[in-house]
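Some notes on the structure that comes next.
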Amino acid sequence: MLDVRNLTKRLPDGHALLNDISFRVDKGEFVAVLGASGAGKSLTMRAIVGLTSVTHGEVVFTGETGKVYRTTSIGGKELRRARRNIGVIFQGCNLVKRLTVLDNVMIGRLGRIHPLRSWLYGFTDREAAEAMVALDRVGLADFAARLTGSLSGGEMQRVAIARAIYQRPLFYLADEPIASLDPKNAESIMRLLQPLARESPILGTFHQPEMVMRYCTRVLAIKKGKIIYDGSPRLSSGQLAEIYGDEIGLAATAAAEPSLVGS
Amino acid sequence: MNWSDYSPRRYSRHALSVAILLAVIVAASWLCEVNLSDLIKGFSKGLSMLGFFFPPDWSAFSEMLQPALVTIVICLVATPIGATVSILFGLAGARNIAPPWLRLSSRSLIAVERGLPEIVILLLLVAAFGLGPFAGMMALAIGSIGMLGKLVADAIEEIDARVLDSVAAVGATRWQVIRHAVLPEILPSLVANSIFRFEVNIRASVLLGAIGAGGIGYELNAAINQLEYSRATVAALISLLLVFLSERGADYLRAKILTSRSLA
């Protein structure tokens with residue numbers, strides 16, 4: 001489904017931020033990317049959506065019409081076509097605060113409608129009805145007309161998921177979807193994502209190994225730009241120590257890594 | 001720093017600065033030919049003149065309504081035009097939307113517009129459009145861009161880059177990002193600022209009217225030139241009323257908009 005091959009990103013001084021990253025994500029998978037802050041998790045995600053350039057390697061997937069996209073080597077219209085197949089679940093705080101919840105969900109479809117139409121007319125009633133279905137799925141149908149900025153962190157995260165669902169992507173990229181949430185909210189977000197992953201696979205970055213262990217099907221661990229583990233989400237404390245260095249628990253929970261779309 | 005910094009004696013240290021300041025003031029008044037006896041004479045003359053202004057000639061009131069309406073219309077047209085164009089200047093002047101060369105040229109143009117007083121803009125426009133309400137309207141619109149364009153550009157630059165990235169990531173074009181993320185974020189404050197600008201424009205248009213842009217300011221100036229002081233009083237009172245009402249109305253509307261849910 002999603003094929004990441006030999007992804008490498010070097011700074012001009014030769015230092016490798018991403019070093020030969022390769023993996024596949026297949027149907028039905030819920031893959032968690034673990035790693036300390038600055039390990040390259042977010043950068044990998046950014047590279048997949050084409051928000052950052054890479055020195056070497058490629059990201060390949062096949063679109064709904066059978067067209068093959070290489071997001072690392074295209075731009076402009078081609079890149080926009082590719083992007084509408086990728087449902088990025090951003091941190092909830094990256095929604096447009098002064099739009100209503102429903103308007104934010106409908107942004108998910110912007111890549112599929114003509115720019116002139118979205119400028120002059122906006123969305124059709126049928127699109128709004130479909131967006132309501134997505135909102136209902138995350139349990140926020142009653143919030144449709146609310147201003148997004150007035151929602152809580154957990155609610156915004158659900159809206160971000162509804163937006164990605166409404167986009168009807170081939171696969172999802174989740175950018176630390178539970179990083180800024182309390183344990184109860186985090187748990188309910190994971191319960192939303194798990195069944196979603198069975199329909200279209202999810203690749204997500206996480207900082208909570210215990211959550212990942214319970215909900216994900218596979219773990220990719222990145223350390224200093226290299227994949228050091230690819231396999232079962234059941235990690236021993238020894239493996240966790242290896243991933244996070246010495247301060248396992250500290251690094252895992254306290255680390256607030258720059259998010260996927262961060263600077 | 002010690003306790004003596006707070007003692008009353010610290011003022012004595014400023015004695016020299018005060019002496020220099022006084023000397024400058026004396027020298028300046030000598031240069032500008034300030035004459036105290038002229039001031040006193042002019043003041044008493046002005047007081048006796050005040051009698052000419054009262055009572056107001058209320059019969060002129062009905063004739064003044066139409067010019068007053070012209071003043072309002074000039075501002076009602078100029079402000080929205082200025083606000084609309086300022087969105088374009090704001091987009092072109094925002095670091096996160098426009099390339100550096102475009103940002104620099106837009107920002108410079110806005111700065112020039114802001115630097116020129118409306119009267120100067122009007123005098124420049126009169127050469128092209130002649131005297132009258134249209135030139136006044138144009139001058140106010142251009143003046144509004146100077147202020148609103150800068151506010152829009154600054155507001156756009158304050159939008160979190162991640163919000164814009166998150167919209168671009170669904171495959172939206174740059175213009176779709178502007179329509180669905182940038183505009184919704186800046187429109188409420190733009191409308192609120194435009195309402196404030198409308199109030200400023202009402203004030204400025206009285207002045208522009210006096211030098212020939214029509215409206216109530218023109219009537220005021222004409223009445224004084226024709227020595228019809230009691231008529232001038234009515235025009236002045238109407239201008240005052242316009243300014244007062246636009247200020248009250250603007251405050252009310254601005255409060256309503258800033259607390260409202262959404263505009264786009």
Look at A:ALA160 and say whether it is in contact with a Gly (Cβ under 6 Å, 6 or more places away or on another chain) and small (Gly, Ala, Ser).
yes
With the checklist (1) within 17 Å of the chain's Cα centre (by Cα); (2) away from chain A (no Cβ under 14 Å); (3) surrounded by fewer than 21 Cβ atoms within 10 Å (Cβ to Cβ) in hand, flag the one item B:GLY130 doesn't pass.
(1)
Out of B:VAL182, B:VAL163, which single residue is among the β-branched types (Val, Ile, Thr), touching a helix residue (DSSP H, G or I) at 6+ places or on another chain (Cβ under 8 Å) and within 17 Å of A:ILE89 (Cα to Cα)?
B:VAL163
Among the residues of the stretch A:101-114, is any surrounded by fewer than 19 Cβ atoms within 10 Å (Cβ to Cβ) and not β-branched (Val, Ile, Thr)?
yes
Test: B:ILE211 is buried (at least 17 other Cβ atoms within 10 Å of the Cβ) and within 26 Å of B:LEU123 (Cβ to Cβ):
no
Just to be sure, is A:ARG146 modelled with pLDDT of 90 or more, of a type in the set (Lys, Arg) and surrounded by fewer than 17 Cβ atoms within 10 Å (Cβ to Cβ)?
no
Among the residues of the stretch B:148-177, which ones are in contact with a Phe, Trp or Tyr (Cβ under 9 Å, 6 or more places away or on another chain), more than 7 Å from chain A (Cβ to nearest Cβ) and surrounded by fewer than 23 Cβ atoms within 10 Å (Cβ to Cβ)?
B:LYS150
State which residue pairs qualify: first residue part of a loop (DSSP other than H, G, I, E, B) and inside the stretch B:90-108, second residue among the hydroxyl-bearing types (Ser, Thr, Tyr) and crowded, with 19+ Cβ neighbours inside 10 Å in any location, beta carbons under 9 Å apart, and separation of 6 or more residues or different chains.
B:GLY93/B:SER106; B:ALA94/B:SER106; B:ALA98/B:SER106
Residues to consider are A:ALA164, A:ALA160; find the one that is within 21 Å of A:GLY63 (Cα to Cα), hydrophobic (A, V, I, L, M, F, W, C) and within 15 Å of the chain's Cα centre (by Cα).
A:ALA164
Could you say whether any residue in the stretch A:37-58 is buried (at least 23 other Cβ atoms within 10 Å of the Cβ), in contact with an Asp or Glu (Cβ under 8 Å, 6 or more places away or on another chain) and closer than 30 Å to A:ALA141 by Cα?
yes
For B:PRO67, indicate whether it is of a type outside the set (A, V, I, L, M, F, W, C), part of a helix (DSSP H, G or I) and under 29 Å from B:LEU245 (Cα atoms).
yes
Residues that are at pLDDT 90 or above: find the strands (runs of 3 or more DSSP E) completely inside the stretch A:1-85 holding 1 or more of those.
A:2-10, A:16-25, A:30-34, A:56-62
Among the numbered criteria (1) of a type outside the set (Lys, Arg); (2) within 10 Å of another protein chain (Cβ to nearest Cβ); (3) touching a residue at least 40 places away in the same chain (Cβ under 8 Å); (4) over 24 Å from A:ASN19 (Cα atoms), which single criterion is violated by A:GLY76?
(3)
Which residue pairs have Cβ atoms closer than 7 Å, lie 6 or more positions apart in sequence or on different chains, and pair a first residue in the stretch A:36-47 that is closer than 14 Å to A:ASP20 by Cβ with a second residue that is part of a helix (DSSP H, G or I) and aromatic (Phe, Trp, Tyr)?
none
What are the residues in the stretch B:178-191 that are touching a residue at least 24 places away in the same chain (Cβ under 8 Å) and either of a type outside the set (S, T, N, Q) or within 7 Å of chain A (Cβ to nearest Cβ) (or both), if any?
B:ILE178, B:VAL182, B:LEU183, B:PRO184, B:GLU185, B:ILE186, B:LEU187, B:PRO188, B:LEU190, B:VAL191
Does any residue of the stretch B:226-235 turn out to be touching a residue at least 12 places away in the same chain (Cβ under 8 Å), among the aromatic types (Phe, Trp, Tyr) and more than 15 Å from B:ILE72 (Cα to Cα)?
yes
Members of the stretch B:27-48 that are assigned to a helix (DSSP H, G or I), surrounded by 11 or more Cβ atoms within 10 Å (Cβ to Cβ) and not charged (D, E, K, R):
B:SER29, B:GLY42
B:ILE145 being in contact with a helix residue (DSSP H, G or I) (Cβ under 7 Å, 6 or more places away or on another chain) and under 30 Å from A:LEU173 (Cα atoms):
no
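The values are calculated or read from the model by the stated rules, or taken from the named source; none is laboratory data. Quantities reported herein were computed from a predicted structural model and do not represent experimental measurements. A quick note on method: Cβ atoms are made from the backbone with ideal geometry, for glycine too, and the neighbour counts reach across all protein chains shown.
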